[in-house]
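Enquirer: Would you mind keeping the following structure in view while I ask a few things?
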Amino acid sequence: SMGADSRRKGASFERSVVSKINEWLESQAINFSCKRNLDQYQQKNLADIDIPYHAVECKHYADGWTYKPEWLKQVQESAGNKIPVLIYKYNRKPIQVCLPMYAVNPEWSAESDLTCIMTIQDWFEVMSRNWQHYERLSDG
């Protein structure tokens, strides 16, 4: 069935994102291992992947150009006070990461709706630079 096929594709995309994130966490000596949130199928409003300070939602579709506004809304709703991260991919195109501008520039208010789109490598670089700052924010 179409539904099962796209679910399977989504699951394998999530697994590949999880392994990339775990590689990055390990490279930073961050003692955390993320995994797919399997409860997401039972419970509404759960992000696909939880890592410290971030709620991550993954989408993989055959064709498209940019993300659908409802995907962003979905991850913003499930993020609570974590940073909402939307990771999406279309066939034969690189992985894209959409995140709020305040995650890139912590001087900006977390209320801001402005987002930006970058490669997953660039997102890892942003996290490397801002991780300590995210720690402070979450303590506050």
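The values are calculated or read from the model by the stated rules, or taken from the named source; none is laboratory data. It should be emphasised that the depicted structure is a prediction, and the values quoted were computed from it without experimental measurement. Neighbour counts run over all protein chains shown; Cβ positions are idealised from the backbone, glycine included. The area values use the complete protein model at the heavy-atom level, side chains included, leaving out ligands, DNA and RNA. Shrake-Rupley method; radii C 1.70, N 1.55, O 1.52, S 1.80 Å.
Enquirer: Longest span of the chain, sites excluded, free of trypsin sites (Lys or Arg not before Pro) in DSSP loop with at most 11 other C-beta atoms within 10 Å?
Expert: It runs 93-140.
Enquirer: Relative to 2.2 N^0.38 Å, what does the C-alpha radius of gyration of the range 80-140 come to as a ratio? Two decimals please.
Expert: Expressed relative to 2.2 N^0.38 Å, the Cα Rg reads 1.16.
Enquirer: Carbon and sulfur together cover what percent of the accessible area of the chain at a 1.4 Å probe radius?
Expert: 50 percent
Enquirer: Quote to one decimal, in nm, the extra length available between ARG92 and ASP139 on full extension: 0.36 nm per residue of separation minus the C-alpha distance between them.
Expert: 12.9 nm
Enquirer: Considering all alpha-carbon pairs of the chain, what whole percent are spaced by more than 17 angstrom?
Expert: 60 percent
Enquirer: If you don't mind, another one. Angle between the Cα long axis of helix 120-139 and the longest principal axis of the chain, 0 to 90 degrees, nearest 10?
Expert: Between the helix axis and the principal axis of the chain, the angle is about 50 degrees.
Enquirer: At a Förster distance of 22 Å, what's the computed FRET efficiency of ALA62 paired with ALA4, Cβ-Cβ distance as r, to 0.05?
Expert: According to the calculation, E is roughly 0.90.
Enquirer: Once the Cα atoms of helix 69-79 and of the chain are each reduced to a long axis, what angle between those two axes, in degrees from 0 to 90 to the nearest 10, is obtained?
Expert: Tilt relative to the chain: about 50 degrees.
Enquirer: Between GLU70 and SER109, how many nm apart are label points set 7 Å from Cα along the C-beta direction?
Expert: Result for the modelled spin labels: 3.0 nm.
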